[in-house]
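Engineer: First, the structure itself, so that you have it in front of you.
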Amino acid sequence: MTWILSPPPQPFLHVAGQSTLFAVRRVWCVGRNYAAHAREMGADPEREPPFFFAKPADAIVPALQDGAVTVPYPPQTANLHHEVELVVAIGKSARNIAAGQALTHVFGYAVGLDLTRRDLQAAAKKLAQPWEMAKSFDASAPCSALLPAAEWPDHAARIELDVNGQRRQEGAIADLIWPVAEVIAYLSRFVALEPGDVIFTGTPEGVGPLVPGDVAVACITGLPELTVRIAAPEAA
Ligand code: MN
């Protein structure tokens, strides 16, 4: 058998210090996983069950080893927002697993941006409509190279985002309402997790707008850095 059209390119992430690539299967994102961000979005940060949305795998924009990527300002928004997040890459199948086992299913970690059309998200929330057009657009998930899990044993890290040299977001991975292991365990009760799945684990407070020409630098202690340049919108 042959394909009637060429298969689409396989989305991927780079692996820090290696020439091999990590094939991306699915992209899951956790909503409101830091208390201060939940409050700034007008929500109650009580520990309710985590909720998830998805981006298509090809929303991933993989940063090279130097950490730099360029993404176009997306169409149909006047309020593109940055959300800096710890990204977890699954390396081993997980179905209905316990939190105590969850970290053994992790291949590695990265830092990414959950780019968001905040105006469309606000409109969708008001109408109780889905978030896809706010969250799941082209190039909405730039992400650094992955660091293998064994090389990042200490989750007591800072997470930060600077835009044009100004600090915008700052937090501690330890402040996740649902820590990585619990996010993986909980999600694995609802869907099969497979090698290639990546999970954006939520953003700390300080989300804000990006405009063409901005340069956003995302950092998590010990992980490869990510530099995202926002380009002019692509011609329609
Ligand atoms: Mn997010």
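Laboratory data are not the source of any read-out in this text; all were calculated from the coordinates shown. The structure presented is a predicted model; accordingly, all values stated were derived computationally and were not measured. With ideal geometry, Cβ positions are generated from the backbone for all residues, glycine too; neighbour counts draw on all protein chains shown.
Engineer: Beta carbons within 10 angstrom, averaged per residue: use that to sort the peptides 96-105, 177-186, highest first.
Structural biologist: Top of the packing list down: 177-186, 96-105.
Engineer: May I pose another question? Students often forget the sequence filter, so: which lysines lie under 25 Å Cα-Cα from residue 125 once same-chain residues fewer than 8 apart are removed?
Structural biologist: Hits, sequence-local ones excluded: 55, 135.
Engineer: Let me ask you something else. Return a whole-number percent for the relative contact order of the stretch 34-169, with Cα pairs under 8 Å and 6 or more residues apart as the contact set.
Structural biologist: Once normalised by length, the contact order is 29 percent.
Engineer: Assign unit charges at the C-beta atoms only (+1 for Lys and Arg, -1 for Asp and Glu), then state the dipole size of the stretch 165-219 relative to its Cα centre in Debye, rounded to the nearest 20.
Structural biologist: For the stretch 165-219, the charge dipole is close to 80 debye.
Engineer: Got a sec? How would 55, 135 order by Cβ neighbour count within 10 Å, fewest to most?
Structural biologist: Lowest count first: 55, 135.
Engineer: What residues from the stretch 207-236 fall in the zone where the backbone N is under 19 Å from a label point 7 Å along the Cα-to-C-beta line of residue 70?
Structural biologist: Hits in the stretch 207-236 for residue 70 at 19 Å: 210-218, 226-236.
Engineer: Something else about it: Indicate the gyration tensor shape class of the stretch 111-183 (rounded, prolate or oblate), computed on the Cα atoms with a ≥ b ≥ c the square roots of the eigenvalues: a/c under 1.5 is rounded; otherwise a/b larger than b/c is prolate and the rest oblate.
Structural biologist: It is prolate, given that a/c is not under 1.5 and a/b is the larger ratio.
Engineer: In addition: Which value in nm describes the separation of the simple spin-label points at residue 99 and residue 232, placed 7 Å from the Cα toward the beta carbon?
Structural biologist: Placing both labels 7 Å beyond Cα along the Cβ direction yields 5.0 nm.
Engineer: Suppose a student asked you for the relative contact order of the chain, using Cα pairs under 8 Å spaced at least 6 residues apart; what percent would you report?
Structural biologist: So the answer I get is 31 percent.
Engineer: In nm², what is the average projected area of the convex hull enclosing the Cα atoms of the stretch 12-231?
Structural biologist: 10.8 nm²
Engineer: May I pose another question? I'd like the FRET efficiency for residue 78 and residue 225, computed as 1/(1 + (r/R0)^6) with the beta carbon distance as r and R0 of 22 Å, rounded to 0.05.
Structural biologist: Calculated value: 0.15.
Engineer: Only residues of the stretch 118-144 count here: report those whose backbone N is under 11 Å from the spot 7 Å along Cα→Cβ of residue 51, or say none.
Structural biologist: 125-126, 128-131
Engineer: Can I ask one more? Can you tell me how much longer the chain between residue 58 and residue 191 gets when fully stretched, taken as 0.36 nm per residue apart minus their C-alpha distance, in nm with one decimal?
Structural biologist: That works out to 45.9 nm of additional length.
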